[in-house]
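See structure below.
Values quoted throughout were computed directly from the atomic coordinates according to the rules given, and no laboratory measurement underlies them. Keep in mind the model is a prediction, meaning the values are calculated, not measured. When we count neighbours, we look across all protein chains shown, and the Cβ atoms used for this are built from the backbone with ideal geometry, even at glycine.
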2 protein chains.
Amino acid sequence: MSESSCTVYELKCPECKKGFGNVPLSACPDCLAPLEVQYDLDSVRGRFTKESVAAGPANIWRYKELLPIPEGHQPDLPVGFTPLVKADRLGKRIGATNLYVKNDAVCFPTLSFKDRVVAVALANAQHFGFDVVGCSSTGNLANSVAAQSTRLGLRACILVPSDLEPAKILNTQVYGAKLVRIEGNYDHVNRLCTLIADEYKWGFVNVNLRPYYAEGSKTVGYEIAEQLGWRLPDNIVCPMAGGSLIRKIKKAFAELVALGIVEDKPVKFFGAQATGCSPISHSVKNGWDDIEPQRPNTIARSLAIGNPADGPAASKMIQSTGGYAEDVSDVEIVSGIQELAETEGIFTETAGGVTTAVTAKLYADGRIGKDELTVSVITGNGLKTTDPLVGKFAEERAVKPRLAEFDAFLRESDASLITGVAEEEVELVGGTK
Amino acid sequence: MSESSCTVYELKCPECKKGFGNVPLSACPDCLAPLEVQYDLDSVRGRFTKESVAAGPANIWRYKELLPIPEGHQPDLPVGFTPLVKADRLGKRIGATNLYVKNDAVCFPTLSFKDRVVAVALANAQHFGFDVVGCSSTGNLANSVAAQSTRLGLRACILVPSDLEPAKILNTQVYGAKLVRIEGNYDHVNRLCTLIADEYKWGFVNVNLRPYYAEGSKTVGYEIAEQLGWRLPDNIVCPMAGGSLIRKIKKAFAELVALGIVEDKPVKFFGAQATGCSPISHSVKNGWDDIEPQRPNTIARSLAIGNPADGPAASKMIQSTGGYAEDVSDVEIVSGIQELAETEGIFTETAGGVTTAVTAKLYADGRIGKDELTVSVITGNGLKTTDPLVGKFAEERAVKPRLAEFDAFLRESDASLITGVAEEEVELVGGTK
């Protein structure tokens with residue numbers, strides 16, 4: 001560990017305020033509180049400006065001054081900087097006039113926001129000298145650790161619940177990572193990983209590297225602010241699994257305000273969960289400052305964390321901003337996926353269906369005003385969770401390659417597409433030549 | 001059609017040199033040659049500079065001065081500008097020291113290079129006033145037309161071979177596009193679309209809008225040159241279906257040379273096909289200036305065009321540069337997918353497996369020198385064609401969430417991952433609390 005890097009950031013216990021320098025450690029040995037990375041913002045001030053960011057590369061490394069990246073680390077991959085798109089067509093459908101979608105369904109390299117946290121975690125894994133890295137995962141994290149670690153020449157061992165979606169399993173194994181399926185849900189897997197991290201000399205991105213890892217999520221917040229022209233939105237709607245992402249977006253906004261880069265203003269944070277795994281939204285709705293763990297049962301497996309580590313903190317934070325949390329059924333999740341695809345051309349996974357359906361509900365219930373500037377955070381790609389959509393679309397008969405046949409088919413199937421009337425009917429010659 | 005746009009570019013017949021202004025037309029009525037967009041490079045010269053490009057957005061619209069975009073068109077989506085990554089680990093495996101991968105597997109919005117051509121085509125479809133757009137497709141184009149058209153409020157009717165991969169069908173229907181499955185292969189579908197475009201008033205991106213559409217592929221070439229620091233590589237390895245992309249990369253390089261933005265140098269072009277559909281590589285290997293159509297039979301369905309429109313031109317172009325074309329078996333394609341994933345963390349579809357396997361073969365055969373600067377063009381995402389990989393990875397038993405069980409499993413399964421010895425074995429409490 002280089003001394004100089006400690007002058008800019010280090011791990012701190014949020015309870016007893018003790019500092020730990022930079023080490024692979026997840027919690028304060030005294031308070032057991034999860035450690036957080038704290039920056040010396042004064043030393044960053046001169047080096048993180050709108051101009052310095054604009055001059056940086058079009059990826060998360062443009063924000064490196066506010067990321068815990070060891071001195072001298074050369075970022076390898078152009079991760080992140082995903083589109084923020086104005087969602088007028090979705091807005092029209094759900095009664096919103098100023099709605100944006102942050103689209104991490106196309107995040108580089110593995111199509112989810114987890115690429116951001118993994119990039120930061122692995123930079124530290126290399127710095128601390130780990131040869132093997134690992135994670136517990138509901139899928140997206142597995143994909144990202146597998147892909148990024150192989151590119152860096154690190155070996156990976158990844159633990160997942162045994163019932164994970166086939167595409168997420170394949171999209172881990174294809175990179176050559178060791179995948180271990182654990183009998184149980186994510187919470188079982190995660191507790192096992194805590195023991196493994198203690199036992200072997202492995203760098204677990206979301207265990208002993210977690211404080212660094214979690215900071216990567218801030219880049220979603222930086223990008224939103226920058227892409228809005230360096231201003232904050234009125235509302236953020238964000239999916240919640242462990243409860244970390246929504247908190248880190250808030251932290252990103254707070255840092256930008258502290259540095260004088262954006263104007264301070266109230267931002268309400270809204271959390272989105274599946275009803276089948278809704279410990280945080282349940283807590284928010286009841287005004288609690290703790291959560292009651294649940295046994296997950298939902299198609300949104302990437303959000304299926306029944307005992308979320310940052311759940312209590314997320315619940316309190318949401319309430320403190322005047323926001324809210326909502327949850328939606330599996331049927332609503334599938335409708336949310338379709339709604340976002342049909343209106344904005346964005347195909348998201350089940351977690352994004354949750355966020356979209358919750359966003360719609362928040363507008364419908366008047367919890368978000370129709371003209372408020374709202375950003376809905378889409379975190380993963382629909383190609384990873386296709387199962388819930390299978391059978392949603394009628395399989396129509398195949399049509400012979402002749403104009404007359406096509407015309408007849410279209411008239412019976414969707415005549416509204418025909419704007420002119422077919423007069424001539426020409427036969428096609430078969431064969432491939 | 002605005003007059004002013006015609007002053008910068010217009011359709012021209014490459015045979016008789018007749019100009020057509022800007023109209024939805026694919027071929028010269030006299031020569032039947034496919035029309036091409038020609039620019040008044042002199043009028044572009046002052047407006048397309050390294051500086052103007054650098055000041056543009058991080059997407060294909062930074063090159064808009066060399067794209068056929070109607071005057072006043074406001075680009076909607078941040079398409080393209082995908083990573084060019086140095087592929088040292090893949091290079092080491094295949095004996096290359098200066099190899100790059102252009103990664104359109106993460107192209108926005110639908111994860112293939114087709115997003116580029118569709119963005120340009122739909123800008124023109126809107127300009128010409130089409131309400132319905134369509135295409136014939138082997139999958140990626142279908143996905144992109146469906147996603148981008150719905151975002152623009154256009155209706156889409158998309159024709160595909162009836163045996164297309166399920167993920168590509170789902171990833172078209174989810175956007176609400178009309179999908180029509182045609183009995184036959186791509187060549188049947190494509191010929192039918194030519195008739196449909198004449199019959200209905202639809203804008204077919206790869207029929208009557210094809211000259212504009214095809215220009216979008218040039219952005220792959222611009223990006224490669226810019227990402228290399230405004231210089232040209234020694235070699236391009238590019239997959240070939242219709243044969244258009246490889247030609248347009250060459251056109252992009254030629255324009256950059258003509259504008260004085262990059263230094264002129266010989267660039268060899270290498271085409272990649274699946275042996276099961278290799279009309280262009282067959283032509284190159286035989287030194288022909290024409291192609292012999294084939295009946296496709298390969299898992300690389302996105303390349304399965306047996307009678308490629310630009311095949312003869314591509315074959316001649318490749319030969320004229322001193323390049324070559326190769327083709328690989330289905331088994332080699334799957335190995336290529338795995339090789340790229342295991343080394344660079346990039347999961348590509350079957351077409352990318354073709355390109356990677358052909359790249360390896362070209363180095364092995366000495367057709368590409370080991371130190372030459374080579375760019376291998378990856379055009380689509382692996383999540384779209386998972387079938388060929390199913391069964392490639394042994395499904396190991398699920399492990400109980402206890403450290404002792406995990407340790408035993410790892411010792412029997414991959415003991416090399418254990419760097420320290422597990423001494424204590426702690427039992428986990430089951431249940432989710």
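Structure notes:
- Alpha-carbon centroid distance for the pair segment A:99-125 / segment B:139-208, whole angstrom: 31
- Net length available on complete extension from B:Thr321 to B:Ser43 is 97.2 nm, with 0.36 nm assigned per residue and the Cα-Cα distance removed.
- With label points set 7 Å from Cα along Cα→Cβ, the inter-copy distances at A:Arg45 are 5.1 nm, sorted shortest first.
- Across all Cα atoms of the protein assembly as shown, the radius of gyration (one decimal) and Dmax (whole number) stand at 26.7, 85 Å.
- Globularity ratio of chain A, using Cα Rg and 2.2 N^0.38 Å: 1.05
- Interchain or long-range residues, amide H under 5 Å from B:Phe204's placed H: B:Gly134, B:Leu209
- Charge-dipole axis of segment A:1-106 as Lys and Arg at +1 and Asp and Glu at -1 on Cβ define it, positive-most pick from A:Leu66, A:Gly80, A:Gln38: A:Gly80
- Report note on the peptides B:373-386, B:277-290: ranked by the mean count of other C-beta atoms within 10 Å, highest first, their order is B:373-386, B:277-290.
- Fraction of antiparallel bridges per DSSP, chain B only, in percent to nearest 5: 30
- Nonlocal amide H pairs with A:Ile182, under 5 Å, H built at 1.01 Å: A:Val160, A:Ser162, B:Val399
- Here the Karplus relation 6.51 cos²θ - 1.76 cosθ + 1.60, evaluated at θ = phi - 60°, turns the backbone of segment B:383-396 into coupling constants of 5, 7, 9, 7, 3, x, 9, 4, x, 6, 10, 4, 8, 7 Hz, with x for every Gly and Pro.
- Shielding by other protein chains, A:237-248, mean Cβ within 10 Å: 0
- Looking at the protein assembly as shown alone, DSSP beta bridges between its own residues are antiparallel in about 30 percent of cases.
- Computed over chain B, the per-residue total of -39500 (n - 2.57) for DSSP H runs of n ≥ 4 gives a 222 nm mean residue ellipticity of -11000 deg cm²/dmol, rounded to 500.
- Segment B:82-192: antiparallel DSSP beta bridges as a percent of all, rounded to 5: 25
- Relative contact order for chain A, counting Cα pairs under 8 Å that sit 6 or more residues apart, in percent: 15
- Neighbouring partner chain Cβ atoms per residue of B:386-394, average, 10 Å criterion: 3
- Projected label distance in nm at B:Ser413 and B:Ala394, using a 7 Å step from Cα toward the beta-carbon: 1.1
- Approximating the spin labels as points 7 Å out from Cα along Cα→Cβ, the A:Cys16-to-A:Leu32 distance works out to 1.4 nm.
- Across the copies of the chain, A:Ser329 has label points (7 Å from Cα along Cα→Cβ) spaced 5.3 nm apart, shortest distance listed first.
- For the segment B:194-205, counting C-beta atoms of other chains within 10 Å of every residue's C-beta and taking the mean gives 4.
- The slack between A:Glu51 and A:Asn286, meaning 0.36 nm per residue of separation minus the straight C-alpha distance, is 80.2 nm.
- Annotation: Cα Rg of segment B:315-369 relative to the compact-globule expectation 2.2 N^0.38 Å equals 1.19.
- The overall shape of segment A:132-223 is rounded: from the C-alpha gyration tensor, with semi-axes ordered a ≥ b ≥ c, the ratio a/c is less than 1.5.
- Gap separating the Cα centres of segment A:317-357 and segment B:25-85, nearest whole Å: 36
- Between copies, B:Leu25 shows label-point distances of 7.6 nm, shortest first, with the point placed 7 angstrom from Cα along Cα to C-beta.
- Under a 5 Å amide H cut-off, with hydrogens placed 1.01 Å from N, B:Val328 pairs with B:Gln273, B:Ala274, B:Thr275 among residues at least 5 apart or on other chains.
- In sequence order, calculated HN-Hα J values of segment B:318-324 (Karplus, 6.51, -1.76, 1.60; Hz; x Gly/Pro): 4, 5, 5, 8, x, x, 7
- Given +1 at the Cβ of Lys and Arg, -1 at the Cβ of Asp and Glu and no other charges, the dipole of segment A:109-165 around its Cα centre is 180 debye to the nearest 20.
- Using θ = phi - 60° and Karplus 6.51 cos²θ - 1.76 cosθ + 1.60, couplings along segment B:80-85 (whole Hz; Gly, Pro as x): x, 6, 8, x, 10, 10
- Listed by Cβ neighbour count within 10 Å, with the fewest neighbours leading, B:Ile337, A:Ile346, A:Ile418 appear as A:Ile418, B:Ile337, A:Ile346.
- Over segment B:131-187, Cα pairs under 8 Å with separation of 6+ residues give a relative contact order of 39 percent.
- Alpha carbon centroid spacing (whole Å) that separates segment B:212-287 from segment A:275-296: 55
- Ignoring lysines fewer than eight residues from B:Lys12 along the same chain, the ones with Cα atoms less than 16 angstrom from its Cα are B:Lys248, B:Lys251.
- Relative packing of peptides B:62-75, B:44-57, B:299-312 - highest average C-beta neighbours within 10 Å first: B:299-312, B:62-75, B:44-57
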